Amino acid sequence: MLFLWQEEIAMKIAKRQCKICHKWFSPNPRTYQSQRCCSNTECQRKRKARTKKNWWKKNPGYNKDRKVTIRCWLQAHPDYWREYRKAHPDYVRKDSKRRCNKYRQEKLSAKQDLIREISVGKLKSIKEIRPDSSAKQDPIQRRQNGIIDYLYWKESSAKQDVIDNQVCNRQ
């Protein structure tokens, strides 16, 4: 519901083109002087991200100063986090779960990198087995054995990931 004076202003305000989606919109009568973007959720998200990025460019040393301030405050209040955790068990539970998930993701990422590296090595070694002109059965048999070994190894490493996830979910 608009007040009478807002209705008068709204009638006088010309439509504008959104700086993000380029669609025409009617600005809010309370903020029409500075509003450059429509009220679409996606446009607002992009506008806020752009504003935040510009702010950080203008204030590059803010985080360093803030860290020093926080560190000084924590030195003056050494028991703060201990007391906070005692008073907020839900926070402790959520934080513990968050840290477990973060650790699991890091571990999984490292495992995936290692598995990828080993897989590439195994497949390259299989590819390098070339049949000679004589006794072709031997290299073919070695290739088959290499493929079977690779598939067995891949399956066992996948099972190990499942076991690791089950162990972490129990905690």
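The values are calculated or read from the model by the stated rules, or taken from the named source; none is laboratory data. In this text the structure is predicted, and so the values were computed from the model without any measurement. Backbone-built Cβ (ideal geometry, glycine too); neighbour counts: all protein chains shown.
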- line: Just one listed residue, out of I13, I20, I70, is touching a residue at least 24 places away in the same chain (Cβ under 8 Å) and not polar (S, T, N, Q), and it is I20
message: Test of understanding: among K111, K86, which residue is part of a helix (DSSP H, G or I) and either surrounded by 11 or more Cβ atoms within 10 Å (Cβ to Cβ) or in contact (Cβ under 8 Å) with a residue 12 or more places away in the chain (or both)?
response: K111
task: Could you tell me whether any residue of region 22-42 is among the basic types (K, R), at pLDDT below 90 and closer than 30 Å to W153 by Cα?
output: no
